[in-house]
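Asks: I have a structure I would like to understand better, so I am pasting it below and will then ask my questions one at a time.
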Amino acid sequence: MFPNIFQYVSASNPVKAVLGSNPIRFWPFARAPQKGAVGYALPYAVWQSPYGTPENYINNLPDIDNLGVQIDVYGDSVDSSRAAAIAIRNALEPYGHVVSYNGEEKDSTTGLYRVGFTVEFWQTH
């Protein structure tokens, strides 16, 4: 039901080069440190599971799920946000597939640049 994406991202040296390694700034949604808090640094990324579908059977419990994961990368420049998004995408592609690019924007409140995309995985139980 919940993807194992942190293990894929945290194993990637290119991701660690842009998101750090202690900690890796790749947080579940609503858990990224806020500006001024301990651990806050840019760029960082958050992820959430906006959808998923179990592979249902008539006589058995599902043994695999198709899971969508939305990833949003925030940085203080277009270049830093894009570089982090590319590193994360490349780390995840061996395990799943990018199914959409969800746009880019500059947040008017924070001034941060956001790059978003969605990856789908087939994950066994």
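Asks: Could you give me the ³J(HN,Hα) list for region 61-74, computed from phi with Karplus coefficients 6.51, -1.76, 1.60 and θ = phi - 60°, whole Hz, x at Gly and Pro?
Replies: Values per residue, Gly and Pro as x: 6, x, 10, 8, 10, 9, 10, x, 10, 8, 10, 10, 10, 10 Hz.
Asks: Let me ask you something else. Given region 5-124, what percent of its DSSP beta bridges are antiparallel, to the nearest 5?
Replies: 90 percent
Asks: Calculate one ³J(HN,Hα) per residue across region 46-60 by plugging θ = phi - 60° into the Karplus curve 6.51 cos²θ - 1.76 cosθ + 1.60, and present them in order as whole Hz with x for glycine and proline.
Replies: Rounded to whole hertz, the list is 10, 9, 8, 9, x, 7, x, 9, x, 7, 7, 10, 5, 10, 9.
Asks: Rounded to the nearest 20 Debye, what is the dipole magnitude of region 18-88 about its Cα centre when Lys and Arg each give +1 and Asp and Glu each give -1 at the C-beta?
Replies: 340 debye
Asks: So, one more: So how strong a dipole does the chain carry about its Cα centre when Lys and Arg Cβ are +1 and Asp and Glu Cβ are -1, to the nearest 20 debye?
Replies: So the dipole magnitude of the chain works out to roughly 440 debye.
Asks: With a 10 Å Cβ neighbour count serving as the proxy for reagent exposure, in which order, fewest first, do 44, 8 appear?
Replies: With the fewest neighbours first, 44, 8 line up as 8, 44.
Asks: With contacts defined as alpha carbon pairs under 8 Å and 6 or more residues apart, what's the relative contact order of the chain in percent?
Replies: 25 percent
Asks: Now, a different point. Fewest first, what order do 120, 55 take by the number of other Cβ atoms within 10 Å?
Replies: 55, 120
Asks: While we're here: Using 7 Å Cα-to-Cβ label points, what is the residue 51/residue 78 separation (nm, one decimal)?
Replies: It works out to 3.0 nm between the two label points.
Asks: Tell me the net charge near residue 69. Cut-off is 12 Å between Cβ atoms, residue 69 excluded, with +1 for each Lys or Arg and -1 for each Asp or Glu.
Replies: -2
Asks: For helix 78-92, what angle does its Cα long axis make with the longest principal axis of the chain, in degrees from 0 to 90 and rounded to 10?
Replies: The helix 78-92 is inclined about 30 degrees to the chain.
Asks: Give me the net charge of residue 34's neighbourhood, meaning all other residues with Cβ under 14 Å from the Cβ of residue 34; Lys, Arg count +1, Asp, Glu -1.
Replies: That works out to +2.
Asks: Along the three principal axes, how long is region 75-125 when you take its alpha carbons, biggest first, rounded to the nearest angstrom?
Replies: 40, 17, 17
No value in this document is a laboratory result; all are computed from the given coordinates. Keep in mind it's a predicted model, so treat the numbers as computed, not measured. Using ideal geometry, Cβ is built from the backbone for each residue, glycine included, and neighbour counts are taken over all protein chains shown.
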